[in-house]
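Notes for the one structure printed next.
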Protein chains: 2
Amino acid sequence: MHVLVIGAAGMVGRKLVERLLREGELKGRAISRLSLYDVMAPGELPPATFPIEKLTGDFAAEGEAERLVADKPEVIFHLAAIVSGEAEQDFDKGYRINLTGTWRLLEAIRKADYCPRLVFTSSIAVFGAPFPERIPDDFHHTPLTSYGVQKSCGELLLMDYTRKGLLDGVGIRLPTICVRPGKPNKAASGFFSGIIREPLAGVEAVCPVDPEVRHWFASPRAAVGFLIHAAALDGEQLGPRRNLTMPGVSETVGGMVEALRRVAGEGVASRVRWEPDPFIQGIVAGWPTTFEAKRARELGFEAESSFEEIIRIHIEDELAGKIA
Amino acid sequence: MHVLVIGAAGMVGRKLVERLLREGELKGRAISRLSLYDVMAPGELPPATFPIEKLTGDFAAEGEAERLVADKPEVIFHLAAIVSGEAEQDFDKGYRINLTGTWRLLEAIRKADYCPRLVFTSSIAVFGAPFPERIPDDFHHTPLTSYGVQKSCGELLLMDYTRKGLLDGVGIRLPTICVRPGKPNKAASGFFSGIIREPLAGVEAVCPVDPEVRHWFASPRAAVGFLIHAAALDGEQLGPRRNLTMPGVSETVGGMVEALRRVAGEGVASRVRWEPDPFIQGIVAGWPTTFEAKRARELGFEAESSFEEIIRIHIEDELAGKIA
């Protein structure tokens, strides 16, 4: 089976590729070819028993999506995106990649005249405050960022192209991914990872919001699991509602630091400094806190069951089990 | 005040223009210029005390929206659309006019660098079955037609461009407009009007669905009222949620014919022949039936209070009070 990963050099993309290489199969079938695409080449990869193509380019450029689907990959993971903070700062760039680019990919598949499984990463940013206490699966989209609007339009297009039989799409709304390894990216939600990652690495971290602020999380490992599971879902069973809110862990920032204390001790937890920033508090106030994610759980998607588990996964996957 | 109507030759557009000409004002201010745009020229218009421009063209063509907003009209009504049935048959045409065209209009306003009130006609087609018994204002969009997807994307873009201060948009989700005068158009919902309009004109009509089928209606007169009211709404009061489900009348097809009997007598009502068509029943089964429309009612939008009233308005406005 030929698999294409668009956005393969990003954090989740890289981890997805590593898992595909490790397992060598998807949907119970052996992978025979893996095409990786991003604006920059992915780093070194573990050895594979099948050919790997590394492609780079400008995703939204005319003809680019046609090039990517020319050989008709049977499963396409579409993770390419301008993140929330950057899409908010650069209106044109966000729309160009996140909406025009996604639409061009759908059109390219339509023109290639075959019906691949397309897994699209959407986001809980499609939702905007005010919210009920637990957001049900049928809650409307009123995004308060351009990124959220772009993802929401992508979901709608995915649904329509699927209904028309032009492709076989599944959209998954990822929780905020935590703990992100490495350097902060331009996402406005970066501090959620920073206040866990930095203390575990022996570095002080500033938390710019009050301890009561609650949000919705899943680990990078869970995110990769969602993608793999979405690739294998039965389309008939899904019906026309092709976009799903993924399960996650609802936790307050105070609860996160408490979990850090339990996992790594007082010395580590005390590296978090509380310095509320009204500007960031204002942005975060518009974000969702807790979802039911009933349908996704029924369909077999699995996230962590506590924030402690999310921290332990970070220590296992990124720190080789060691805490500074 | 300079007012622009895009889609001025359509049924609702013509009625809106007639009302603007009759009243000579909008938002409590005198109209000084009225620009009418459509793919074809509107018919004869009543005399006006201000200049009227009649423009024709291809709405989605490059540069066309720029031409329309070059003189910076202060209120823009955007009613141009490929209707549901046609957008379903001609995938490219529907997307080109309903999504690309709408997006280009928003971009043209952004580039013209001013902030007009833009009233956008969306539709209850943004919703798709299954539904709760009464659909709340915060119910999600899972359209089962390309038209519904295009309108839903238009709403999202309108919301984002408004949030960014690039324009001042209000989207109104129209109920199925009934009774439509004149010939049937390509909308799949045409029979709802046919079973009232034809019998009142002395002609037999076929109802292709069971009497129990329920749907959501407003008269053309109410639709024009919604547009005028939307033009004058206070944007600050609205906040970021700029798209509103309009009020309407929830009625079954059987109840509609009963109302026709009460208004026009047994002779007229008996002109409806019941010939359920499984294909049309299947389509209609995916359509919404009853909305709360709480927010729009609180904001002062008003629809009819019964289907009898809808029929009486048709007789008044289209038949000069006479029944065949």
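Measuring gaps between exposed loop sites in chain A (GluC sites (Glu not before Pro); DSSP loop; at most 14 other Cβ atoms within 10 Å), the longest gap, sites not included, is A:213-301. In chain A, a dipole from Cβ-located charges (positive for Lys and Arg, negative for Asp and Glu) runs towards its positive end, and of A:139, A:278, A:89 it is A:139 whose Cα lies farthest in that direction. Net charge dipole, chain B: roughly 460 debye, given to the nearest 20, about the Cα centre with Cβ charges of +1 for Lys and Arg and -1 for Asp and Glu. Applying Stokes-Einstein at 25 °C and 0.890 mPa s to the Kirkwood radius of the stretch A:106-151, computed over alpha-carbon pairs, gives a translational diffusion coefficient of 192 µm² s⁻¹.
Over all directions, how big on average is the projection of the convex hull of the alpha-carbon atoms in the stretch B:131-238, in square nanometres?
Mean orientational projected area (the stretch B:131-238, Cα hull): 8.8 nm².
For the stretch B:1-60 and the stretch B:64-87, write down the distance between their C-alpha centroids in whole Å. For the stretch B:1-60 versus the stretch B:64-87, the Cα centre distance is 12 Å.
For the stretch B:96-169, relative contact order (Cα pairs under 8 Å, six or more residues apart, normalised by length) works out to 44 percent. When the Cα positions of B:222, B:106, B:35 are compared along the charge dipole of chain B, B:35 comes out farthest toward the positive end, with charges on each C-beta of Lys, Arg, Asp and Glu.
Over the stretch B:47-121, the Kirkwood radius and the radius of gyration, each from Cα atoms, give a ratio Rg/Rh of 1.01. Farthest towards the positive end of the charge dipole of the stretch A:180-324, among the residues A:321, A:291, A:244, is the Cα of A:244, using unit charges on the Cβ of Lys, Arg, Asp and Glu.
Per residue, the average separation of C-alpha pairs within less than 8 Å and at least 6 apart gives chain A a relative contact order of 17 percent.
Evaluate the charge dipole of the stretch A:184-324 about its Cα centre and quote only its size in Debye, nearest 20, assuming +1 on the Cβ of each Lys and Arg and -1 on the Cβ of each Asp and Glu.
200 debye
Its residue count N sets the reference 2.2 N^0.38 Å, and the alpha-carbon radius of gyration of the stretch A:233-324 equals 1.41 times that reference.
Could you give the size of the charge dipole of the stretch B:83-138 about its Cα centre, using +1 on the Cβ of each K and R and -1 on the Cβ of each D and E, expressed in debye and rounded to the nearest 20? All intermediate terms of the calculation are to be shown ahead of the outcome.
Working: 7 positive and 9 negative charges, 68 e Å.
So the dipole magnitude of the stretch B:83-138 works out to roughly 320 debye.
Stokes-Einstein diffusion for the protein assembly as shown, with the hydrodynamic radius set to the Kirkwood value over Cα pairs and evaluated at 25 °C in a medium of 0.890 mPa s, equals 92 µm²/s. Averaged over peptide B:140-153, the number of partner chain Cβ atoms lying within 10 Å of each residue's Cβ comes to 6. Here the mean projected area of the convex hull built on the C-alpha positions of the stretch A:144-195 is 4.6 nm². The mean count of C-beta atoms from other chains within 10 Å of the C-beta of residues in A:131-137, rounded to a whole number, is 1. Between the exposed loop cleavage positions of chain B, defined as trypsin sites (Lys or Arg not before Pro) in a non-H, G, I, E, B DSSP state with at most 15 neighbouring beta-carbon atoms within 10 angstrom, the longest gap is B:187-321. Of all alpha-carbon pairs in chain A, indicate the percentage at a distance above 27 angstrom. Roughly 42 percent, rounded to a whole number. Its relative contact order, with pairs defined as Cα atoms under 8 Å and 6+ residues apart, puts the stretch A:109-148 at 42 percent. Amide H contacts of residue A:55: A:36, A:37, A:38, each under 5 Å away and 5 or more positions distant or on a separate chain (H built 1.01 Å from N in the peptide plane; Pro and chain starts excluded).
We did not get these values from a lab; they are worked out from the coordinates using the rules stated. Source: prediction; values computed, not measured. Quick reminder, even Gly has a Cβ in these numbers, built from the backbone with ideal geometry, and neighbours come from all protein chains shown.
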